[in-house]
Amino acid sequence: MRLSLLALLLLSPLAHAQSLSRLREHLDRVPAIDTHDHLWPFEKLPAMVETERGRGVNLSGLWHNSYYMWTNPLTEWKRGMKFVDWWAVAKHDFADARATSFYRYQLSAFTDLYGVDFDTITDEQAAKLDEKIFRNYLDQRWLYEVVTKRANIELMFNDPYWGRYDFGPEYPFAVRVLNVTPLVRGFHRSEFPQQSDDPYHFAKQQNLKLESLDDYLIVLDRLFAVGKEKGCVCLKTTLAYQRTLDFARVAKERAAAHFGKPKSQLAPEQIKEFEDFIMWRLVELSAKHGLPFQIHTGQARIQGSNPMLLVDLIEANPRTKFVLFHGGYPWVGESAVIAMRHKHVWLDSCWLPTLSFSAAKRAYHEWLDAVPSNKILWGADCNHAEGIYGATMFTRRCLAEVLAERVDRGDLTEAHAKRIGEQILRDNALALFPSLKERLWKGQRELKAPK
Ligand SMILES: [Zn+2]
């Protein structure tokens with residue numbers, strides 16, 4: 001007895017390492033469906049800067065256009081400066097960031113794609129890394145290579161906040177998302193300085209008049225129909241960055257009274273009433289057009305981004321499929337209970353491991369306890385190849401660790417753990433967005449990248 005206990009103690013770390021590495025390998029092979037990214041058109045990538053070699057992406061561009069910047073300092077890149085001059089100062093900026101997920105999520109891109117350990121990088125390695133990055137981005141096939149082959153993503157949802165209603169050309173592996181964030185401000189055309197986000201411009205293109213709230217609701221309906229025709233598979237809103245997620249049920253007459261007035265003639269409560277009314281209509285149109293609604297919850301404006309604020313809206317609209325983004329971080333348990341109580345709610349862990357690897361592990365554990373495994377999704381939520389790669393591998397690792405822990409403690413067979421991993425990385429998105437099945441391409445054809 002004593003001997004077998006000892007044997008168990010000696011063997012268990014080894015057994016854990018083995019089930020973890022088997023699960024990790026299995027999950028890495030799953031062609032993922034990534035439900036959320038912001039990959040700009042190649043020539044407009046925000047990571048492009050003026051370098052001593054000309055315009056392109058460099059190491060500074062990759063860090064400056066990552067979540068690292070949200071909490072950590074980084075020396076500014078000045079147009080055309082020399083890399084060595086930037087690095088001489090910038091290399092000291094990372095000292096206090098080493099443990100943060102906003103720093104660590106991107107590291108696997110440097111080790112796996114460039115063979116460099118950023119934690120211990122030397123000046124010489126940094127200069128070589130910078131040069132390699134620049135060279136890779138001379139050709140947009142680099143994006144295709146990293147996203148579809150190295151990160152093994154088959155389809156990637158792309159939220160085009162740089163031009164929401166343009167429906168311009170996209171990457172062949174990208175899936176269109178209809179970003180509805182600005183639409184709640186449709187009470188006056190002055191709310192839309194950017195033409196590509198302007199429902200008034202869209203109405204004109206469609207020969208629709210837009211002079212009343214009733215007209216506006218018809219325009220929204222048309223926008224949804226056109227979006228769907230152009231391949232959009234869902235709606236997305238990031239209103240949590242601008243206001244509370246508490247959307248009251250407002251009578252139509254009240255909203256109609258505010259229509260046609262510029263912001264300067266409306267009180268903040270009147271603007272909120274209009275926005276609330278439109279949000280409820282968007283939720284109804286989501287059901288009508290069969291476009292699930294991705295809603296940013298958690299980490300934004302902290303006051304007002306708790307997903308619990310959405311419960312009345314969710315409860316009153318059982319035909320709408322709600323997708324709670326980012327696990328509602330830090331309210332991952334709140335997200336779980338909402339999905340537990342409402343079958344028309346899905347939990348999307350996009351961005352969550354990047355926010356906090358530990359919170360993501362806790363979330364996956366709690367969610368697997370509380371909701372069926374077909375309700376959980378993931379997404380990388382980045383804007384360049386290295387970020388997407390890093391966030392994807394960070395998620396695969398996080399998920400593998402959670403599943404291996406459950407296998408080791410005897411709460412899941414390895415076969416079931418593998419299936420759950422496949423569901424979260426791929427199958428659940430295909431079930432929630434069935435039109436994606438027609439867009440699958442791996443094993444059938446190659447995607448051609450323009451040269
Ligand atoms: Zn995002």
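The values are calculated or read from the model by the stated rules, or taken from the named source; none is laboratory data. Note that this is a predicted model, so its numbers are computed, not measured. Ideal geometry is used to build each Cβ from the backbone, glycine not excepted, and the neighbour counts take in all protein chains shown.
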Test: residue in region 283-293 that is within 16 Å of the ligand (Cβ to nearest atom), in contact (Cβ under 8 Å) with a residue 40 or more places away in the chain and in a helix (DSSP H, G or I): no
Region 294-313: number of residues that are more than 18 Å from Gly379 (Cβ to Cβ), assigned to a helix (DSSP H, G or I) and in contact (Cβ under 8 Å) with a residue 40 or more places away in the chain: 4
Subset of region 23-51 that is charged (D, E, K, R) and under 18 Å from Lys149 (Cα atoms) - its residue that is nearest to the chain's Cα centre (by Cα): Asp37
Filtered residue count, region 100-134, keeping only those that are part of a helix (DSSP H, G or I), under 20 Å from Thr395 (Cβ atoms) and polar (S, T, N, Q): 3
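A quick yes/no check of all residues on (1) touching a helix residue (DSSP H, G or I) at 6+ places or on another chain (Cβ under 7 Å); (2) of a type outside the set (D, E, K, R); (3) within 30 Å of Leu27 (Cα to Cα):
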{"residue": "Gly56", "(1), (2), (3)": "yes, yes, no"}
{"residue": "His92", "(1), (2), (3)": "no, yes, no"}
{"residue": "Leu113", "(1), (2), (3)": "yes, yes, yes"}
{"residue": "Val116", "(1), (2), (3)": "yes, yes, yes"}
{"residue": "Glu124", "(1), (2), (3)": "no, no, no"}
{"residue": "Lys132", "(1), (2), (3)": "yes, no, yes"}
{"residue": "Asn136", "(1), (2), (3)": "yes, yes, yes"}
Residues located in region 365-407, provided they are buried (at least 24 other Cβ atoms within 10 Å of the Cβ) and out of contact with any helix residue (DSSP H, G or I) (no Cβ under 7 Å at 6 or more places or on another chain): Gly379, Gly387, Thr392
Filter result (surrounded by fewer than 21 Cβ atoms within 10 Å (Cβ to Cβ) and more than 16 Å from the ligand (Cβ to nearest atom)) within region 54-73: Gly54, Arg55, Gly56, His64, Thr71, Asn72, Pro73
Filtered residues of region 28-44 (kept if away from the ligand (no atom under 16 Å from the Cβ) and farther than 30 Å from Glu401 by Cα): Pro41, Phe42, Glu43, Lys44
Considering residues of region 372-413 that are within 14 Å of the ligand (Cβ to nearest atom) and not in a helix (DSSP H, G or I) only, the residue farthest from the chain's Cα centre (by Cα): His384
Candidate set from region 159-173 (those that are within 14 Å of the ligand (Cβ to nearest atom) and surrounded by 20 or more Cβ atoms within 10 Å (Cβ to Cβ)); member that is modelled with the lowest pLDDT: Pro160
Qualifying residue in region 184-205 (condition: among the hydroxyl-bearing types (Ser, Thr, Tyr), touching a Gly at 6+ places or on another chain (Cβ under 7 Å), under 18 Å from Trp40 (Cα atoms) and at pLDDT below 95): yes
Failed condition for Ala97, given (1) surrounded by 14 or more Cβ atoms within 10 Å (Cβ to Cβ); (2) part of a helix (DSSP H, G or I): (2)
Condition check for Leu310: under 21 Å from the mean Cα position of the chain (by Cα), under 22 Å from Thr392 (Cα atoms) and among the hydrophobic types (A, V, I, L, M, F, W, C): no
Residue match in region 46-53 (condition: touching a residue at least 12 places away in the same chain (Cβ under 8 Å), charged (D, E, K, R), within 16 Å of the ligand (Cβ to nearest atom) and outside any loop (DSSP other than H, G, I, E, B)): no
Qualifying residue in region 428-450 (condition: surrounded by fewer than 16 Cβ atoms within 10 Å (Cβ to Cβ), hydrophobic (A, V, I, L, M, F, W, C) and in a helix (DSSP H, G or I)): yes
Residue list for region 340-354, restricted to those being crowded, with 23+ Cβ neighbours inside 10 Å and part of a helix (DSSP H, G or I): Leu352, Pro353, Thr354
Breaking point among (1) over 30 Å from Val177 (Cβ atoms); (2) modelled with pLDDT of 95 or more, for Ala15: (2)
Output for region 282-299, where each listed residue is crowded, with 19+ Cβ neighbours inside 10 Å and not polar (S, T, N, Q): Leu282, Val283, Leu285, Leu291, Pro292, Phe293, Ile295, His296, Gly298
Conditions (1) without any contact (Cβ under 8 Å) to a residue 12 or more places away in the chain; (2) crowded, with 20+ Cβ neighbours inside 10 Å; number of the one not met by Glu124: (2)
